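The values are calculated or read from the model by the stated rules, or taken from the named source; none is laboratory data. Just so it is clear, the structure is predicted and the values come from calculations on it, not from any experiment. Glycine also receives a Cβ, built like all others from the backbone with ideal geometry; neighbour counts cover every protein chain displayed. For accessibility, only protein heavy atoms count, side chains too; no ligands or nucleic acids. Shrake-Rupley method; radii C 1.70, N 1.55, O 1.52, S 1.80 Å.
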Amino acid sequence: MKIFLDTADLGEIRRAVEAGLIDGITTNPSLVSKVAGSKDPKEIYREICETVDGPVSAEVVATDKETMLVEGRKLAALHDNIVVKVPLTEDGLKACRTLANEGIRVNVTLCFSPSQALLAAKAGATFVSPFVGRIDDVSGEGMQLIHQIRQVYDNYGFDTEILAASIRHPMHVVESMLIGADCATIPPKVLWQLVKHPLTDRGLEGFLADWKKLGAEI
Ligand code: G3P
């Protein structure tokens, strides 16, 4: 499964790139507004694209098709790694179709149902982003949606990639893998939780204590 980092924070991105753990980046207007300050968001997207050799999702902020197309073409022109993110609305699907026809990769975001995911695939989306955590937030079962989309896409042979999003904890990642999601976009905090296991720590402590008794060096 591909791992994308769900952040616009360059410090966190560099840390994950150094560890060779990520295949791409997803951002959204909220994540960008957290780090932008007075910086032009286009500059932030460029820097991220220079740092990560993989898809970098950058979201349009317009709500009508024509302005989404203008913004989407501008974003795509920033760097080859850019994937244009559009919301799963009627105008978003129309913009997706047009951009896909122009050879621009599109990530259709804010997906909350299998029928929405079907329409994103039919509109030519490269990625669809079902929001698992936000469904859990309203007492729903977010992972059920990943299951359903996987079944729908496999039933009809769609090659749109399922990008599990709004990931809140390591079990969302584990279940996404077991279901067969193509990618998961993970906040930095959750990525580093994936590394941790108490038995690993205890095992290492034991090895080092035994070696210390030896008083030897490698
Ligand atoms: O970037 C899209 C998505 O992963 C954000 O989810 O619910 O953590 O804001 P959330």
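Given their separation in residues at 0.36 nm each and the Cα-Cα distance between them, Thr67 and Ala19 gain 13.5 nm when the chain is fully extended. The listed peptides 206-217, 27-38, ordered by packing as a protection proxy, come out as 27-38, 206-217 (highest mean of other Cβ atoms within 10 Å first). Of the GluC sites (Glu not before Pro) in the stretch 80-181, the ones in a loop by DSSP (not H, G, I, E or B) with at most 13 other beta carbons within 10 Å are Glu102, Glu141. As a size descriptor, the averaged projected area of the C-alpha convex hull of the chain was calculated at 14.8 nm². With helices as the sole contributors, the chain gives -16500 deg cm²/dmol at 222 nm; each DSSP H run of n ≥ 4 counts as -39500 (n - 2.57), and the sum is divided by every residue.
Legend: residue pairs Lys34/Lys122; Lys34/Lys196; Lys85/Lys196; Lys85/Lys189, Cα-Cα distance threshold 30 Å; pairs beyond threshold, Lys34/Lys122; Lys85/Lys196. The amide H of Asn28, built 1.01 Å from its N in the peptide plane, has no neighbour under 5 Å, considering only residues 5 or more places off or on other chains.
Amide H to amide H distances under 5 Å link Ile104 with no residue, where only residues 5 or more positions off or on other chains count and H is placed in the peptide plane. Ordering Leu118, Met68, Ile48 by Cα displacement along the dipole of the stretch 43-136 toward the positive end leaves Leu118 in first place; charges were set at the Cβ atoms of Lys, Arg (+1) and Asp, Glu (-1). If you take the square roots of the eigenvalues of the alpha-carbon gyration tensor of the stretch 99-213 and sort them as a ≥ b ≥ c, do you get rounded (a/c under 1.5), prolate (a/b over b/c) or oblate? Cα axes put the stretch 99-213 in the prolate bin. Shown is the FRET efficiency for Met171 and Asn101, computed with R0 = 41 Å from the Cβ-Cβ distance and rounded to the nearest 0.05: 0.60. Less than 5 angstrom separates the built amide H of Glu59 from those of Lys85, all sequence-distant by 5 or more or on a different chain. As a fraction of the 1.4 Å probe accessible area of the chain, surface on carbon and sulfur atoms comes out at 54 percent. Residues in the stretch 64-80 carry Karplus couplings, in order, of 9, 3, 4, 6, 4, 5, 4, 5, x, 5, 5, 5, 4, 6, 5, 6, 5 Hz; the curve used is 6.51 cos²θ - 1.76 cosθ + 1.60 with θ = phi - 60°, and Gly or Pro positions show x. For Lys196 and Gln151, the FRET efficiency from 1/(1 + (r/R0)^6), where r spans their Cβ atoms and R0 equals 41 Å, is about 0.80. Taking Thr185, Thr89 and ordering them by how much accessible surface each has at a 1.4 Å probe, largest first, produces Thr89, Thr185. Computed from the Cβ-Cβ distance with R0 of 35 Å, the FRET efficiency linking Asp159 to Lys39 stands at 0.45.
Placing unit charges on the Cβ atoms only, positive for Lys and Arg and negative for Asp and Glu, gives the stretch 118-209 a dipole magnitude near 160 debye about its Cα centre. Using a probe of 1.4 angstrom and keeping all protein chains present, the accessible surface of the chain works out to 52 square angstrom per residue. In the chain, the longest principal axis of the Cα atoms and the axis of helix 198-214 are about 30 degrees apart. Based on the alpha-carbon gyration tensor of the stretch 1-91 and its eigenvalue square roots a ≥ b ≥ c, which shape applies: rounded if a/c is under 1.5, prolate if not and a/b is larger than b/c, or oblate? Prolate is the answer for the stretch 1-91, as a/c is 1.5 or above and a/b outweighs b/c.
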